[in-house]
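The values are calculated or read from the model by the stated rules, or taken from the named source; none is laboratory data. Keep in mind the model is a prediction, meaning the values are calculated, not measured. Neighbour counts are summed over all protein chains in view; Cβ atoms, including those assigned to glycine, are modelled from backbone coordinates with ideal geometry. Side chains included, ligands, DNA and RNA excluded: accessible areas come from the protein's heavy atoms. Shrake-Rupley method; radii C 1.70, N 1.55, O 1.52, S 1.80 Å.
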Amino acid sequence: MSALESSVPGARSKHLVIASHALREHGRLADAVDHAERAHTLSLAQGVVMGRAWAALNAAAAWLQVGDLATASLWARRSLAAASSARMVDCERLAIGVLCVAAASQGAAVEPQFRARLDDCRSVSAS
C-alpha cells in the first residue's frame, strides 16, 4: 500500500472508507466505526479533504446505526464542514440527512441553517 500511497494521496484512507461502508452494511458496526475513524485520522494527517469528508460521513452513519445520536451528529458536522469546504454537494446532503435523522430521533427540530443549506444543495445539483 505504501507504493500506491506515494503515487495516489489518500489511497489508504479511501480503502478504509470503502471497508467501513461495507462493514456497516453487513452489521459490523464497531468495525465500521473503527475503520471510518482511522480513515478520518489518516485523511486529516495527509490533508485530503475529500477523504476526511467521506470518512466522517461513514463514522456518522455507523454511530447513527449504533444509536449514539450525539456522536453521530458530531461526526456528521465534521463531514459537513469538510464537504462544504470542498463543495462536495452529495456528501453535504448525506451529512445533513444524518443530522436530520438524529434531530428527529430526539424529537428536536432540524436547525434552520441545515434546511437552508439543503435547499442550496438542491439548486446546485439542478443547474
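Would you be able to say whether some residue in the stretch 37-58 is of a type outside the set (Asp, Glu), farther than 25 Å from SER85 by Cβ and open to solvent by 70 Å² or more (accessible area, probe 1.4 Å)? Give the steps one after another, and end with the answer.
First pass over the stretch 37-58, keeping only residues of a type outside the set (Asp, Glu): 38-58.
From what's left, farther than 25 Å from SER85 by Cβ: none.
The answer is no; no qualifying residue exists.
Is the stretch 2-11 home to any residue that is part of a helix (DSSP H, G or I), open to solvent by 60 Å² or more (accessible area, probe 1.4 Å) and touching a residue at least 24 places away in the same chain (Cβ under 8 Å)? No, the conditions are met nowhere in the stretch 2-11.
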